[in-house]
Amino acid sequence: MKILLVLLALALPRFAVAEEVYFRQDGLDRRFQLLIPEGVEGPRPLIVVLHGLFQSDRGMPRVTRHQWERIALDQGAVLVYPNAVGKVWNIGQGEAAALLRPARDDLAYLDRVISVTSERVSIDHDRVFLAGFSMGGQLAYAYACTRPGRVRAVAALSMNLPRVLEDDCSGTPPFPVFLSLGDEDPVMPYDGGQIPAGPGFSMKIMGFEETADFFAARAGCGEGRQESQRDVIDDGTALVFQQRLGCALPVWTLRVRGMGHYWPGGGPDMSPLLIGRSTEEIDGAQIVWRFFSQFD
(Lines give C-alpha, C1' and ligand atoms only; values in the text may rest on other atoms or scores of the structure.)
Protein backbone atom coordinates (compact mmCIF):
# COMPACT_ATOMS: atom_id res chain seq x y z
CA MET A 1 0.00 0.00 0.00
CA LYS A 2 1.37 3.37 -1.01
CA ILE A 3 0.63 6.63 0.79
CA LEU A 4 1.60 10.06 -0.54
CA LEU A 5 2.71 12.19 2.37
CA VAL A 6 3.69 15.76 2.93
CA LEU A 7 5.27 15.85 6.34
CA LEU A 8 4.17 19.29 7.50
CA ALA A 9 4.59 18.20 11.11
CA LEU A 10 8.32 17.93 10.42
CA ALA A 11 8.36 21.46 8.95
CA LEU A 12 9.66 20.13 5.62
CA PRO A 13 7.80 20.91 2.38
CA ARG A 14 8.96 17.89 0.34
CA PHE A 15 6.46 15.16 -0.50
CA ALA A 16 7.29 11.49 0.02
CA VAL A 17 5.80 8.14 -0.86
CA ALA A 18 5.55 5.76 2.10
CA GLU A 19 4.98 2.09 1.35
CA GLU A 20 4.82 -1.17 3.29
CA VAL A 21 6.45 -3.61 0.86
CA TYR A 22 5.80 -7.37 0.91
CA PHE A 23 7.53 -10.31 -0.78
CA ARG A 24 8.02 -14.06 -0.25
CA GLN A 25 11.36 -15.48 0.83
CA ASP A 26 12.31 -18.80 2.47
CA GLY A 27 8.63 -19.72 2.21
CA LEU A 28 7.74 -16.77 4.44
CA ASP A 29 5.91 -13.50 3.92
CA ARG A 30 8.46 -10.76 4.55
CA ARG A 31 7.96 -7.01 4.62
CA PHE A 32 9.75 -3.70 5.11
CA GLN A 33 8.87 -0.02 5.38
CA LEU A 34 10.00 2.22 2.52
CA LEU A 35 10.06 6.03 2.34
CA ILE A 36 10.92 7.69 -0.99
CA PRO A 37 11.17 11.50 -1.02
CA GLU A 38 9.83 13.02 -4.21
CA GLY A 39 11.38 15.73 -6.38
CA VAL A 40 14.91 14.32 -6.26
CA GLU A 41 16.81 13.62 -9.47
CA GLY A 42 19.46 10.94 -9.95
CA PRO A 43 20.53 8.08 -7.69
CA ARG A 44 19.98 8.71 -3.97
CA PRO A 45 21.69 7.35 -0.87
CA LEU A 46 19.93 4.45 0.84
CA ILE A 47 19.66 4.36 4.64
CA VAL A 48 18.73 0.98 6.12
CA VAL A 49 17.71 1.19 9.81
CA LEU A 50 17.59 -2.15 11.64
CA HIS A 51 15.47 -2.58 14.77
CA GLY A 52 16.49 -4.40 17.93
CA LEU A 53 15.39 -7.66 19.55
CA PHE A 54 11.60 -7.85 20.09
CA GLN A 55 11.08 -4.66 18.07
CA SER A 56 9.69 -4.18 14.55
CA ASP A 57 9.83 -2.11 11.39
CA ARG A 58 6.60 -0.36 12.33
CA GLY A 59 7.88 0.59 15.78
CA MET A 60 11.42 1.65 14.89
CA PRO A 61 10.45 5.15 13.68
CA ARG A 62 9.05 5.83 17.15
CA VAL A 63 12.22 4.49 18.80
CA THR A 64 14.29 6.96 16.75
CA ARG A 65 11.70 9.73 17.30
CA HIS A 66 11.07 9.97 13.53
CA GLN A 67 14.41 11.71 13.06
CA TRP A 68 15.34 9.42 10.15
CA GLU A 69 12.23 10.59 8.29
CA ARG A 70 13.36 14.17 8.85
CA ILE A 71 16.83 13.40 7.50
CA ALA A 72 15.51 11.44 4.50
CA LEU A 73 13.22 14.28 3.47
CA ASP A 74 15.82 16.95 4.05
CA GLN A 75 18.58 15.07 2.21
CA GLY A 76 16.48 13.34 -0.46
CA ALA A 77 17.65 9.95 0.79
CA VAL A 78 15.68 6.72 0.51
CA LEU A 79 14.83 5.26 3.92
CA VAL A 80 14.12 1.59 4.70
CA TYR A 81 13.07 -0.14 7.92
CA PRO A 82 13.42 -3.94 7.52
CA ASN A 83 11.46 -6.34 9.72
CA ALA A 84 12.59 -9.51 11.52
CA VAL A 85 10.50 -12.69 11.63
CA GLY A 86 9.20 -13.04 15.17
CA LYS A 87 11.12 -9.84 16.05
CA VAL A 88 14.40 -11.81 16.17
CA TRP A 89 17.16 -11.43 13.56
CA ASN A 90 19.15 -14.42 12.31
CA ILE A 91 22.72 -13.25 11.69
CA GLY A 92 23.80 -16.64 10.33
CA GLN A 93 26.28 -17.31 13.14
CA GLY A 94 26.07 -18.56 16.72
CA GLU A 95 24.11 -21.33 18.39
CA ALA A 96 20.74 -19.68 17.70
CA ALA A 97 21.23 -19.33 13.94
CA ALA A 98 20.47 -22.92 12.93
CA LEU A 99 17.76 -23.43 15.55
CA LEU A 100 15.55 -20.36 15.06
CA ARG A 101 12.09 -21.28 13.81
CA PRO A 102 10.78 -20.66 11.30
CA ALA A 103 14.14 -20.99 9.52
CA ARG A 104 15.20 -17.89 7.58
CA ASP A 105 18.26 -16.23 6.09
CA ASP A 106 18.22 -12.58 7.11
CA LEU A 107 21.39 -11.76 5.17
CA ALA A 108 19.65 -12.91 1.97
CA TYR A 109 16.56 -11.02 3.15
CA LEU A 110 18.58 -7.78 3.28
CA ASP A 111 19.90 -8.54 -0.21
CA ARG A 112 16.29 -8.73 -1.35
CA VAL A 113 15.25 -5.58 0.51
CA ILE A 114 17.97 -3.60 -1.26
CA SER A 115 17.15 -5.21 -4.61
CA VAL A 116 13.40 -4.56 -4.32
CA THR A 117 14.07 -0.98 -3.25
CA SER A 118 16.33 -0.41 -6.25
CA GLU A 119 13.51 -1.63 -8.53
CA ARG A 120 11.25 1.12 -7.16
CA VAL A 121 13.70 4.03 -7.07
CA SER A 122 17.19 4.82 -8.34
CA ILE A 123 19.63 4.32 -5.47
CA ASP A 124 23.34 5.05 -5.34
CA HIS A 125 24.88 1.63 -4.66
CA ASP A 126 28.07 3.37 -3.50
CA ARG A 127 26.09 5.04 -0.69
CA VAL A 128 24.21 2.22 1.00
CA PHE A 129 24.36 2.74 4.76
CA LEU A 130 23.36 0.40 7.61
CA ALA A 131 22.37 1.70 11.04
CA GLY A 132 21.49 -0.99 13.57
CA PHE A 133 20.22 -0.69 17.12
CA SER A 134 20.86 -3.47 19.63
CA MET A 135 20.35 -6.81 17.83
CA GLY A 136 19.99 -4.81 14.61
CA GLY A 137 23.62 -3.82 15.15
CA GLN A 138 24.55 -7.52 15.04
CA LEU A 139 22.86 -7.85 11.65
CA ALA A 140 24.58 -4.69 10.40
CA TYR A 141 28.00 -6.12 11.35
CA ALA A 142 27.14 -9.52 9.84
CA TYR A 143 25.93 -8.08 6.55
CA ALA A 144 28.89 -5.73 6.08
CA CYS A 145 31.37 -8.46 6.99
CA THR A 146 29.89 -11.13 4.71
CA ARG A 147 28.87 -8.89 1.79
CA PRO A 148 32.08 -6.96 1.05
CA GLY A 149 31.60 -3.83 -1.01
CA ARG A 150 27.82 -3.71 -0.70
CA VAL A 151 27.77 -1.30 2.25
CA ARG A 152 29.61 2.01 2.37
CA ALA A 153 29.50 2.44 6.15
CA VAL A 154 27.96 0.91 9.28
CA ALA A 155 26.64 2.40 12.51
CA ALA A 156 26.05 0.07 15.47
CA LEU A 157 24.29 1.55 18.49
CA SER A 158 24.01 -0.32 21.79
CA MET A 159 25.75 -3.32 20.25
CA ASN A 160 29.38 -4.40 20.49
CA LEU A 161 30.85 -6.89 18.04
CA PRO A 162 29.77 -10.52 18.66
CA ARG A 163 32.77 -12.82 18.89
CA VAL A 164 31.18 -15.23 16.40
CA LEU A 165 31.59 -12.53 13.76
CA GLU A 166 35.25 -11.82 14.51
CA ASP A 167 36.58 -14.17 11.81
CA ASP A 168 34.17 -12.88 9.16
CA CYS A 169 35.02 -9.28 9.98
CA SER A 170 38.76 -10.02 10.01
CA GLY A 171 38.62 -11.62 6.57
CA THR A 172 36.73 -8.92 4.70
CA PRO A 173 37.98 -5.51 3.48
CA PRO A 174 37.60 -2.84 6.19
CA PHE A 175 34.71 -0.38 6.14
CA PRO A 176 33.94 2.85 8.06
CA VAL A 177 32.31 2.28 11.45
CA PHE A 178 30.42 4.42 13.95
CA LEU A 179 29.91 2.89 17.42
CA SER A 180 27.80 4.13 20.31
CA LEU A 181 27.04 2.66 23.73
CA GLY A 182 25.82 3.74 27.13
CA ASP A 183 28.30 2.76 29.82
CA GLU A 184 25.48 1.82 32.22
CA ASP A 185 23.68 -0.42 29.73
CA PRO A 186 22.29 -3.43 31.65
CA VAL A 187 21.69 -5.37 28.40
CA MET A 188 24.95 -4.74 26.53
CA PRO A 189 27.87 -4.81 29.01
CA TYR A 190 30.36 -2.05 28.30
CA ASP A 191 33.30 -4.38 28.98
CA GLY A 192 31.80 -7.31 27.07
CA GLY A 193 30.64 -10.71 28.21
CA GLN A 194 27.48 -12.70 27.57
CA ILE A 195 24.20 -11.32 26.20
CA PRO A 196 20.79 -12.77 25.21
CA ALA A 197 20.59 -13.80 21.55
CA GLY A 198 16.91 -14.73 21.34
CA PRO A 199 14.64 -16.98 23.42
CA GLY A 200 16.82 -19.49 25.25
CA PHE A 201 20.08 -18.44 23.55
CA SER A 202 23.10 -16.36 24.50
CA MET A 203 26.14 -14.94 22.74
CA LYS A 204 29.65 -13.84 23.70
CA ILE A 205 30.35 -10.20 22.94
CA MET A 206 33.41 -7.95 22.82
CA GLY A 207 33.66 -4.89 25.02
CA PHE A 208 33.02 -1.43 23.57
CA GLU A 209 36.67 -0.34 23.58
CA GLU A 210 37.75 -3.74 22.23
CA THR A 211 35.22 -3.41 19.39
CA ALA A 212 36.52 0.07 18.57
CA ASP A 213 40.13 -1.15 18.67
CA PHE A 214 39.23 -4.07 16.40
CA PHE A 215 37.77 -1.86 13.68
CA ALA A 216 40.47 0.78 14.16
CA ALA A 217 43.14 -1.85 13.54
CA ARG A 218 41.27 -3.01 10.44
CA ALA A 219 41.17 0.60 9.20
CA GLY A 220 44.90 1.11 9.81
CA CYS A 221 44.42 3.76 12.48
CA GLY A 222 47.26 5.05 14.59
CA GLU A 223 47.28 5.44 18.36
CA GLY A 224 45.98 9.01 18.36
CA ARG A 225 42.42 10.04 19.17
CA GLN A 226 40.60 13.33 18.87
CA GLU A 227 38.17 13.63 21.79
CA SER A 228 35.41 16.03 22.73
CA GLN A 229 32.95 15.94 25.62
CA ARG A 230 29.48 17.36 26.17
CA ASP A 231 27.23 17.70 29.21
CA VAL A 232 24.71 20.52 28.82
CA ILE A 233 21.45 18.87 29.92
CA ASP A 234 20.83 17.85 33.52
CA ASP A 235 19.71 14.30 32.79
CA GLY A 236 22.47 12.28 34.46
CA THR A 237 24.27 11.55 31.19
CA ALA A 238 27.27 13.00 29.34
CA LEU A 239 28.93 12.38 25.97
CA VAL A 240 32.48 11.33 25.14
CA PHE A 241 33.02 11.51 21.38
CA GLN A 242 36.20 10.20 19.74
CA GLN A 243 37.56 10.05 16.22
CA ARG A 244 40.46 7.69 15.68
CA LEU A 245 43.40 9.36 13.90
CA GLY A 246 45.64 8.21 11.07
CA CYS A 247 42.96 5.90 9.66
CA ALA A 248 42.51 4.87 6.06
CA LEU A 249 38.76 4.82 6.82
CA PRO A 250 36.85 6.75 9.53
CA VAL A 251 36.22 5.12 12.90
CA TRP A 252 34.07 7.20 15.30
CA THR A 253 32.87 6.29 18.79
CA LEU A 254 30.31 7.83 21.13
CA ARG A 255 30.35 6.73 24.76
CA VAL A 256 27.29 7.98 26.65
CA ARG A 257 28.13 8.13 30.33
CA GLY A 258 25.21 7.12 32.50
CA MET A 259 22.97 5.89 29.63
CA GLY A 260 21.32 2.48 29.53
CA HIS A 261 20.05 0.48 26.55
CA TYR A 262 18.68 3.23 24.32
CA TRP A 263 18.90 4.83 20.94
CA PRO A 264 20.48 8.21 21.94
CA GLY A 265 17.71 10.76 22.20
CA GLY A 266 15.05 8.10 21.66
CA GLY A 267 13.60 4.82 22.91
CA PRO A 268 12.67 2.11 23.41
CA ASP A 269 9.91 3.36 25.71
CA MET A 270 10.46 0.95 28.57
CA SER A 271 10.89 1.34 32.32
CA PRO A 272 14.30 2.68 33.40
CA LEU A 273 14.19 -0.07 36.02
CA LEU A 274 14.66 -2.55 33.14
CA ILE A 275 16.97 -0.77 30.69
CA GLY A 276 18.45 2.17 32.59
CA ARG A 277 18.48 5.89 31.91
CA SER A 278 17.99 7.55 28.51
CA THR A 279 19.85 10.64 27.27
CA GLU A 280 18.73 13.92 25.71
CA GLU A 281 22.29 15.16 25.18
CA ILE A 282 22.28 14.14 21.50
CA ASP A 283 20.05 12.71 18.79
CA GLY A 284 21.34 9.37 17.52
CA ALA A 285 20.06 9.73 13.95
CA GLN A 286 21.63 13.16 13.53
CA ILE A 287 25.11 12.10 14.66
CA VAL A 288 24.92 8.89 12.58
CA TRP A 289 23.89 10.90 9.51
CA ARG A 290 26.79 13.28 10.16
CA PHE A 291 29.03 10.21 9.95
CA PHE A 292 27.34 8.79 6.82
CA SER A 293 27.13 12.11 4.98
CA GLN A 294 30.91 12.45 4.66
CA PHE A 295 30.82 9.75 1.97
CA ASP A 296 29.87 11.41 -1.32
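The values are calculated or read from the model by the stated rules, or taken from the named source; none is laboratory data. Please read these numbers as outputs of a predicted model, since none were measured by experiment. With ideal geometry, Cβ positions are generated from the backbone for all residues, glycine too; neighbour counts draw on all protein chains shown. Accessible surface areas use protein heavy atoms only, side chains included; no ligands, DNA or RNA. Shrake-Rupley method; radii C 1.70, N 1.55, O 1.52, S 1.80 Å.
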Of 274, 157, ordered by accessible area with the largest first and a 1.4 Å probe, the sequence is 274, 157
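Students often check this: by mean Cβ neighbours within 10 Å, which of 211-224, 63-76 ranks highest, and how do the rest follow?
On the way: 211-224: 17.4, 63-76: 20.4.
Highest to lowest by the protection proxy: 63-76, 211-224.
Which order, highest average first, do 47-53, 284-290 follow once you tally other Cβ atoms within 10 Å for each residue and take the mean per peptide? Don't skip to the answer; put the middle values down first.
Details: 47-53: 26.1, 284-290: 21.7.
Going from most to least packed, we get 47-53, 284-290.
If you roll a 1.4 angstrom probe over the protein chains with everything in place, what fraction of the accessible area of the chain belongs to carbon and sulfur, to the nearest %? Display every interim value, and only then the final one.
On the way: 6170 of 12290 Å².
Carbon-and-sulfur percentage of accessible area, whole number: 50.
Any chance you could run the full-extension gain for residue 248 through residue 121? It's 0.36 nm times the residue separation minus the Cα-Cα distance, nm to one decimal. Write out the running numbers ahead of the final one.
Details: separation 127, 0.36 × 127 = 45.72 nm, distance 3.17 nm.
Additional length available on full extension: 42.6 nm.
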Under the helix-only model (-39500 (n - 2.57) for each DSSP H run of 4 or more, divided by the residues of the chain), the mean residue ellipticity at 222 nm, to 500 deg cm²/dmol, is -6500 deg cm²/dmol
For the stretch 99-176, the per residue accessible area (1.4 Å probe, Å²) is 34
Candidates 38, 280, 227; GNM for the chain (alpha-carbon contacts under 10 Å) flags as most fluctuating 227
At the level of C-alpha centres, the distance separating the stretch 85-152 and the stretch 157-202, in angstrom, is 16
Within the stretch 60-83, the residues whose backbone N lies under 15 Å from a label point placed 7 Å from the Cα of residue 20 along the Cα-to-Cβ direction are 60-62, 81-83
